[in-house]
Amino acid sequence: MFHIKWLNKLWEVPAAIRTKLRGVRPLTLHLSAVSHYESKQLADKVVKHLKSFKPLLEYGLKNALISKDAYNTLMMNTDALIEKWE
């Protein structure tokens, strides 16, 4: 079963790299908001925030803030979560 906390764990980055990546914080904050709505069972908010997470992933890939593998994994699981909550 897919879960936001699992998706968030995929985004763990070593501290030495994390300080270099300014794109990490918006992704982490976004997933925190999704996790909050998930815990409240607010499906419409979960889906809305997951859909708006996808452009952040695209930005991260385009600007070399995340790897292609990280992008593919996060995008695939984001899509699965959207499908689950719709």
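Provide the packing ranking of 45-52, 64-71, i.e. peptides ordered by the mean count of other C-beta atoms within 10 Å per residue, highest first.
Top of the packing list down: 45-52, 64-71.
Taking 7 Å along the Cα-to-C-beta vector as the label spot, tell me the S39-K54 distance in nanometres, rounded to one decimal.
2.7
Laboratory data are not the source of any read-out in this text; all were calculated from the coordinates shown. If you're wondering where the values come from, they're calculated on a predicted model, not measured in any experiment. A quick note on method: Cβ atoms are made from the backbone with ideal geometry, for glycine too, and the neighbour counts reach across all protein chains shown.
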